[in-house]
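Encoded as C-alpha cells, the structure appears first; notes follow it.
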Amino acid sequence: MSDSSMSNTPKTSIHTLNARTKKRNASETRFKAYGIAAIAAGLMMLVVLLVTIVGNGYSAFTQTFISLEVELLESKLDKKGNRNIEDIKKVSTFGYTPLLQTAFEEKVAELGIETELSKKEMAGILSKSAAAEMRNLVVEDPSQIGNKVAFTFLANSRVDGYLKGRVTRESIANDKNISVAQLDFVDQLKEQGVVVKRFNPDFIFGADASDQRPEAAGIGVSMAGSFFMMLVVLGLALPIGVAASIYLEEFAPKNWITDIIEVNISNLAAVPSIVFGILGLAVFINYMHLPQSAPLVGGLVLTLMTLPTIIISTRASLKAVPPSIRDAALGLGASKMQSVFHHVLPLAAPGILTGTIIGLAQALGETAPLLLIGMIGFIASNPPSGFAEGLLSPNSAMPAQIYEWAKRADPAFYERAWGGIIILLVFLITMNTIAVILRRRFERRW
C-alpha cells in the first residue's frame, strides 16, 4: 500500500513556481514598490519644500540702494558754528530731511531727468532710516559739517519690492506710500545707475527694525541671541545629561525607583515645548526674578527641554557597548568606575556627541517656549558688547525673530521671514553635518 501511495503522489520540481509561491513573490514585489514610492514621495516633498523656501527667501539677501551726494550745510546742522557736540545732537532727523530733498533736486538737474515730482516726493523713495544715517555720521564726526558727502541709502520697501517684482503699478493703486510717478522716477534713476540692487550684508549681520523700516531689518542680533542660548544649553545639558545617563545605565540599582525615573524621562521627551516655556516663565522669571527676554533664561528653558533627548541618546550609546568590554576591564582588575570612564565612555562617545548635537539643533529651532518668556523680535537694536551682556541683556532668537516678521503686515517682512528660515536651515544642516563628521571621526570598532 505504501508503494501505491508513493506512486500516486504528484511529482514537482523546486524550480517550478506554484500558485502560492507566485502570490508570495507578487506580494514582495508590491511591498518593494510601496517602499520606493514612499521614498520618492518624501524626496519630492523635500524638493518642493526647499524650492519654496529658497524661491521666497533668496531675495531677502539683496536690497535696493540709492547713491546721493548730500551737502551737510552748517546753517542747518550747526547754526552757532562752534562744533559743540551737544548743540549738534539737538538737531533731530527732521532737520536732515531738507538736505536729502535738496540733494535729490541737484541730482535730477545733474542727470537731466524730467519729472513732475516735488522734492518731497522724490525723497520719498528713500528709506525712513536715511535721515538717521546722516545724523549718526555727523554726530560721530562733526568735521563733516560743511562738506558734500557721498551716501548710499536704502530705498524704501515699496521701491525695493518694485525692482524685485513684488510690487507692480496695478498693486499700488490705493497705496499711500508710493505712486506710479515715483516708480517712473525710479526707472529713470536706475537707467542712470543711481538706483542699484545688490547683496545686503546688513540682513545677515544687522538688527531688527520698526514696522516703518522693513528694508532695514536684519537677523544678526537674533543670531547672537541664539548663540548665547546655545552656549548655556551646551554648558548645562551636556554634563548633566551625560552624568545622569552614566549613573542610570551603569551604577543605579534596578528597582521601582529607577523604573519611575526612566518612565518620566521618556515622558518628558514627548512633552510639548510650550509646557517648558510656561515652566520657565513660572520658575526662572516669576520666582527667581531672572531678567525677562534674556538669553540666559532662554538657555535654561531649552536645557530642560533638551535634557531628556540627551539622556535617552546617551543611554542608548552606552547600551550599544558590548558587555564583554566591561567584563574584560573588570577581569583585569579595573574598578567599576575605571571600566566605565576608561573603556565604555570612549566607545560610546560618537553616539553621545551625535545625540547632543541633534538635541542642540532641536533647541535652536524652538519658538514656543521663547515666546512665553518674552524673547520676541525688535528688542535689541545693537549686538551685545560683552559676554555678560550677551547672557543677561534682552534679546531675541532666530526662530522668534522669524515668527515676529511673519506676523507683520508689510510684505517686505514676509520676505525676510523666508530669508531667516534659509539662515536657520543653514545652521541646522551645519550642526547635523558636524554630528555625522564627529561620529565618523571618533567611531571605534570592536
| message | If I take R0 = 41 Å and measure r between the Cβ atoms of LEU111 and ALA406 in this structure, what FRET efficiency does the formula 1/(1 + (r/R0)^6) give, to the nearest 0.05? | response | 0.55
| Other-chain or far-sequence residues with amide H under 5 Å of ALA155's (modelled H) | THR64, PHE65, ILE66, SER127
| task | Give the peptides 236-242, 353-359 in descending order of average Cβ contacts within 10 Å, highest first. | result | 353-359, 236-242
| query | Given R₀ = 41 Å, FRET efficiency for ARG83-GLN188 by Cβ-Cβ distance, to 0.05? | reply | 0.60
| query | In the chain, with Lys and Arg counted as +1 and Asp and Glu as -1 at Cβ, which of these residues, LEU49, ALA209, ASN25, has the Cα nearest the positive end of the dipole, that is, farthest along it? | reply | ASN25
| task | May I ask you to derive the relative contact order of the chain, considering only C-alpha pairs under 8 Å and at least 6 residues apart, and to give it as an integer percent? | result | 18 percent
| note | Filtered hits (aspartates and glutamates, Cα-Cα < 14 Å from LYS79, offset >= 8 within chain) -> ASP87
| query | For the peptides 61-72, 335-346, 288-299, what is the packing order when you average, over each peptide's residues, the other Cβ atoms within 10 Å and list the highest mean first? | reply | 288-299, 61-72, 335-346
| request: Calculate, in nm to one decimal, what THR93 and PHE205 gain on full extension: separation in residues at 0.36 nm each, minus their alpha carbon distance. | output: 37.9 nm
| Gyration tensor (Cα) of region 193-333, equivalent ellipsoid semi-axes in angstrom | 44, 21, 12
| Using θ = phi - 60° and Karplus 6.51 cos²θ - 1.76 cosθ + 1.60, couplings along region 135-146 (whole Hz; Gly, Pro as x) | 4, 4, 5, 5, 5, 6, 9, x, 5, 6, 4, x
| Put a dot 7 Å past each Cα toward the Cβ at ALA316 and ASN177; how far apart are the dots in nm? | 4.7 nm
| Table column - 3J(HN,Hα) (Hz), region 382-399, Karplus curve with 6.51, -1.76, 1.60, x for Gly and Pro | 9, x, x, 8, x, 5, 5, 5, x, 7, 9, 7, x, 7, 10, 9, 4, x
| remark: Result for the chain: accessible area per residue, probe 1.4 angstrom, in square angstrom, of 55 Å²
| remark: With 0.36 nm assigned to each residue of separation and the Cα-Cα distance removed, LYS254 to ILE437 gains 62.4 nm
| query | With each label point set 7 Å from Cα along the Cα-Cβ vector, what nm distance links SER118 and SER335? | reply | 8.7 nm
| request: With a 1.4 Å probe and every protein chain kept in, tell me what percent of the accessible surface of region 132-288 is carbon plus sulfur. | output: 60 percent
| field | In Hz, Karplus ³J(HN,Hα) per residue of region 108-125 (6.51, -1.76, 1.60; θ = phi - 60°; x = Gly, Pro) | value | 5, 5, 5, 8, x, 7, 9, 8, 9, 6, 7, 4, 5, 5, 5, 5, x, 7
| query | For labels at LEU231 and ALA40 in the simple 7 Å Cα→Cβ model, what's the distance in nm? | reply | 5.0 nm
| request: Among MET431, TYR287, GLY165, flag the residue with its Cα farthest along the positive direction of the charge dipole of the chain, charges on Cβ as +1 for Lys/Arg and -1 for Asp/Glu. | output: MET431
| task | Would you grab the residues whose amide H sits under 5 Å from the one on LEU290? Only those 5+ places off in sequence or on another chain, please, with H modelled 1.01 Å from N. | result | ILE285
| field | DSSP-loop GluC sites (Glu not before Pro) across region 357-446, with at most 12 other Cβ within 10 angstrom | value | GLU443
| task | For the chain, find the longest principal axis of its Cα atoms and tell me its angle to the long axis of helix 180-191, 0 to 90°, nearest 10. | result | 80 degrees
| query | Looking at this model, which pairs from LYS90/LYS197; LYS76/LYS176; LYS76/LYS407; LYS89/LYS407; LYS90/LYS407; LYS120/LYS197 are more than 31 angstrom apart at the alpha-carbon? | reply | LYS90/LYS197; LYS76/LYS407; LYS89/LYS407; LYS90/LYS407
| field | Cα-based helix-to-principal-axis angle, 19-57 vs the chain, degrees rounded to 10 | value | 20 degrees
| request: Taking the Cα centre of region 149-224 as origin, work out the dipole magnitude from +1 charges on Lys and Arg Cβ and -1 charges on Asp and Glu Cβ, in debye rounded to 20. | output: 100 debye
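The values are calculated or read from the model by the stated rules, or taken from the named source; none is laboratory data. Because the structure is a prediction, the values reported are computed rather than measured. Positions of Cβ are generated from backbone atoms using ideal geometry, with glycine treated the same way; all protein chains shown enter the neighbour counts. Protein only, heavy atoms only, side chains kept; ligands, DNA and RNA dropped before computing areas. Shrake-Rupley method; radii C 1.70, N 1.55, O 1.52, S 1.80 Å.
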